[in-house]
Structure formats: structure tokens, C-alpha cells
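The values are calculated or read from the model by the stated rules, or taken from the named source; none is laboratory data. Note that the structure is a prediction, hence the values are computed from the model and not measured. Every residue, glycine among them, receives a Cβ derived from its backbone with ideal geometry; neighbour counts consider all protein chains shown.
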Amino acid sequence: MTRSGERIGVGLVGHAFMGAVHSQAWRTVGHFFDVPLVPDLAVLCGRDAARTRASADKYGWREVETDWRALVAREDIGIVDVCTPGDSHADIAIAALEAGKHVLCEKPLANSVEEAERMVAAAERAAARGVKAMVAFNYRRVPALALARKLVADGEIGEVRHVRAVYLQDWLSDAESPMTWRLRKETAGSGALGDLGAHIVDAAQFVTGGLVTGVSALTETFVGERPDERGGRDRVTVDDAALFLARFDNGAVGTFEATRYALGRKNAMRIEVNGSKGSLAFDFESMNELSVFTDAGPDSGFRRVLVTEPGHPYLEGWWPPGHLLGYEHTFTHEVADLLSAIGTGVDPHPSFADGLRVQRVLDAVQTSAGSGSAWTSI
Ligand code: SOE
């Protein structure tokens, strides 16, 4: 890839956790990756002018807007990055695509299948004009998971039989921890399912190359109401945990679990894949490692591969072997891939269509859970 030095204006909507992490990615990518377009951190958008200005100063954005419609209309913006709660993804992303802006949209793509379908239709219309759209499943950009996908695709573990994926956090274990938008169906769409389950569905499909075709699920809400922002109490309207069995189109079977009540587990996004010739295992809390089992001899066992060699995915941009990467780097890789796709004209992954496929799985999980775990095809 050659760097043309051409700049592209970025407008980021949202400045909480995801906004901060995306800011870091846009700020660093041009310094570590040979990208064909250099991002210009032009505009940060948020509803509260003073808070948005403070975030812009902290994270390195030049200007602020308080209305995303004004952002989307600006001539100096080439990419719109959507880091808002799910209830505004469809409106912002569709308007941006229609205005000819490339779009990066946080996960899950939308709060419903219907919204995600409209977003895919807008992305298809925009693609005909060379405009790119990508959904931000950042764990695809963990070098160890990108390596796992390559090993599966190269046939190193044979035919995939089992997928075992969990995403465990514990930040809701305290029943008195306050309400957030993440606990309201109207803003988040679903709870642990959409927030965490979406990641492991995407990761499972990414690593194995298979698609989930049906599920049997249950969901649970352990704490029904919590202190709200006004000193009262408010009802939690999403799931706290979601568990499901799944079948894949390649014959594999899978189990998935997403929860925010796994005390002691901070960000344990884990996936194990067992094939006819070997197995792979990954845990985000040790994200620089991939456990690989490919030799069934008498003294065999899982090998711990430290995924920090220059030949490993994404490592060319970073430090010498053994000098570890972290959470933020996955977002730098994500924007590097998007900038390359824009610069070279290829379609980025995961596409909005990939996001819709995940959305259909989430929807099937809710349908199944609502009907006593009945098998629900996708
Ligand atoms: C909160 O549970 C959260 O920030 C998710 O929304 C992110 O997608 C995940 O990467 C980390 O945890």
C-alpha cells in the first residue's frame, strides 16, 4: 500500500467510551500504518456543546457540532463514524450514506432487523457510487483471532465441529449500580445479548467461516429495577444474560453465553473451536495469545502461540515480538482496514450485510427465548 498523503475529514458522533476509543484509533492510525488516506480529526458531534467541546479538546478534534444532521451535511467530512446508542444508528448511518459519506457504525448494527435491513439497502445504494460502509466488530481485528480465522481457512484444524463462545463481564453484579441507556430496550435494543452476544456471534462466524442457521435460547433479567438518573427507580427492560445453542451451515454446532453478571470476569470474550484435526482457543483477557492443538500424538497438548511476530496479522505496524498489544489497537486496525478499503476501492468487512446477519441471530435468540426455547431458524 502506498501513502498518497491525501487527507480525509472524519466526523465522529458520540464521545463516551466508544467515542474515546475510536478517537484514539483515528489519531494513531496514520502514525503506525501505511494507509492510503490520512484521517483529519475534523469534527466531534454530541448533543451538549460544552461537554462535546471538552471531549474534543481531550481527544484531539478540531471542531464540534451539536446536531448530527449538520455534521452529515458538511463538505469537509468524508467519513462519518457512528458511536451513539443503537437507537440512532439507522438514522445517522442512512443519512450519511445518502450524503455520500463513508460510514463506520458501532455494533450491534441496529436495534432491530427492520432497521438493519434499511441500513443494508442504503449501503448497497451507496456502494454503487463507491461509498463504503463497515460495522465495527473490533474483535475481528485482534491479531490472534485474525490468525485463528486463517488457520481454520487453511484447513489446519480440519472440519469445524464445535464452537464454544462466551462473553463474560461483571459490571452489573451490584443490584444498586445505576440505570444506563444500555439497560433500556428503547435505546439499546437488547441487553447482554446485543452488547456482548453480538460480538461472539460475529467472532464465531468470522473465525469459522460458517453462518449460524438456527438457535434455541433462553434469556434472564436478574435485577428488574435500578436507581435512575433522577433519584428514583426505573425498570430494566433488557436481558442481563443470554444463553443459546446454535447450528451452523457448515455442520458445526455451537454454544454461546453472554452475561454482565459473571463476578470476577471483566472482559472474558472467549472462543474455542474444535475441528476434525485440531482445536483453537482464545481468551481476550490474554489477547496476545492463541492456543493451538494440531498434533494428536501421545505427548501432545495445546501450544501457546504468542501472536506478536511481524508476520502475524496487523503486527507489521507495531512493536518487536513479545511487546504486547491491547484493546485500543483493535480499533486502530479497524480504521486502518476501512481507510485501505476506501483508498483502494475494495469492499470492507464486516459489511452492513454481515451486521444484518448477526442482527437476525439476535432476533432469533429473542424469539426463541420468548417461546420457551423453541428451535428458531434464521
Ligand atoms: C460494554 O459492555 C462494552 O463496552 C461493549 O459495549 C463493547 O462492545 C465491548 O467491547 C466491551 O464492553
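For the reader, a short list of remarks on this structure follows.
Residue-by-condition table, conditions (1) surrounded by fewer than 18 Cβ atoms within 10 Å (Cβ to Cβ); (2) touching a helix residue (DSSP H, G or I) at 6+ places or on another chain (Cβ under 7 Å); (3) among the small types (Gly, Ala, Ser); (4) not assigned by TED's automatic domain parsing to the domain that holds Val307:
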| site | (1), (2), (3), (4) |
| --- | --- |
| Gly194 | no, yes, yes, no |
| Ala203 | no, yes, yes, no |
| Gly232 | yes, no, yes, no |
| Asp239 | no, yes, no, no |
| Ala242 | no, yes, yes, no |
| Met269 | no, yes, no, no |
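- Test result for Val120, touching a strand residue (DSSP E or B) at 6+ places or on another chain (Cβ under 6 Å), aliphatic (A, V, I, L, M) and more than 12 Å from the ligand (Cβ to nearest atom): no
- Considering (1) over 26 Å from Ala136 (Cα atoms); (2) modelled with pLDDT of 95 or more, the lone condition that Glu229 does not fulfil carries the number (2).
- Residues of the range 263-294 satisfying the condition of being among the small types (Gly, Ala, Ser) and more than 12 Å from the ligand (Cβ to nearest atom): Gly264, Gly275, Ser276, Gly278, Ser279, Ala281, Ser286, Ser291
- In the set (1) free of Cβ contacts under 8 Å to residues at least 12 places away in the same chain; (2) part of a helix (DSSP H, G or I); (3) over 25 Å from the mean Cα position of the chain (by Cα), Arg51 fails one condition alone, (1).
- Within the range 59-96, being closer than 18 Å to Phe137 by Cα and outside any helix (DSSP H, G or I) holds for Ile79, Val80, Asp81, Val82, Cys83, Thr84, Pro85.
- Members of the range 208-223 found to be surrounded by fewer than 19 Cβ atoms within 10 Å (Cβ to Cβ), among the hydroxyl-bearing types (Ser, Thr, Tyr) and not in a strand (DSSP E or B), listed by number: Thr221
- Every pair of residues 6+ apart whose Cβ atoms lie under 6 Å, when the first sits in the range 166-191 and is outside the structural domain of Met18 (by TED's automatic domain parsing) while the second is within 11 Å of the ligand (Cβ to nearest atom) and charged (D, E, K, R): Gln169/Arg260; Trp171/Arg260; Leu172/Arg260; Ala188/Arg182
- Whether a residue is surrounded by fewer than 18 Cβ atoms within 10 Å (Cβ to Cβ), away from the ligand (no atom under 13 Å from the Cβ) and aliphatic (A, V, I, L, M) was assessed, and Ala175 passes this test.
- Test: residue in the range 104-114 that is away from the ligand (no atom under 16 Å from the Cβ), over 14 Å from the mean Cα position of the chain (by Cα) and buried (at least 24 other Cβ atoms within 10 Å of the Cβ): no
- Check on Gly326, surrounded by fewer than 13 Cβ atoms within 10 Å (Cβ to Cβ), under 30 Å from Phe33 (Cα atoms), without any contact (Cβ under 8 Å) to a residue 40 or more places away in the chain and within 15 Å of the ligand (Cβ to nearest atom): yes
- Filter result (under 15 Å from the mean Cα position of the chain (by Cα) and small (Gly, Ala, Ser)) within the range 132-164: Ala133, Ala136, Ala146
- Applying the condition of being among the hydrophobic types (A, V, I, L, M, F, W, C) and away from the ligand (no atom under 16 Å from the Cβ) to the range 182-221 and asking which residue is nearest to the chain's Cα centre (by Cα) yields Val207.
- Residue ID - farthest from Ala148 (Cα to Cα), chosen from residues in the range 276-320 that are among the aliphatic types (A, V, I, L, M) and either assigned to a loop (DSSP other than H, G, I, E, B) or at pLDDT below 95 (or both): Ala296
- Among residues that are more than 16 Å from the ligand (Cβ to nearest atom) and of a type outside the set (D, E, K, R), Ala165 is not included.
Condition check ((1) farther than 26 Å from Gly191 by Cβ; (2) in contact (Cβ under 8 Å) with a residue 40 or more places away in the chain; (3) of a type outside the set (Phe, Trp, Tyr); (4) in contact with a Gly (Cβ under 9 Å, 6 or more places away or on another chain)) across all residues:
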{"position": "Ala56", "(1), (2), (3), (4)": "yes, yes, yes, yes"}
{"position": "Arg62", "(1), (2), (3), (4)": "yes, no, yes, no"}
{"position": "Thr66", "(1), (2), (3), (4)": "yes, no, yes, yes"}
{"position": "Ala99", "(1), (2), (3), (4)": "yes, no, yes, no"}
{"position": "Leu104", "(1), (2), (3), (4)": "no, yes, yes, no"}
{"position": "Asn111", "(1), (2), (3), (4)": "no, yes, yes, yes"}
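- Candidates Arg230, Arg265, Arg226 - the one that is of a type in the set (D, E, K, R) and either within 21 Å of Asp354 (Cβ to Cβ) or in a strand (DSSP E or B) (or both): Arg226
- Here Val152 fulfils each of the conditions (1) of a type in the set (A, V, I, L, M, F, W, C); (2) more than 16 Å from the ligand (Cβ to nearest atom); (3) surrounded by 24 or more Cβ atoms within 10 Å (Cβ to Cβ) apart from (3).
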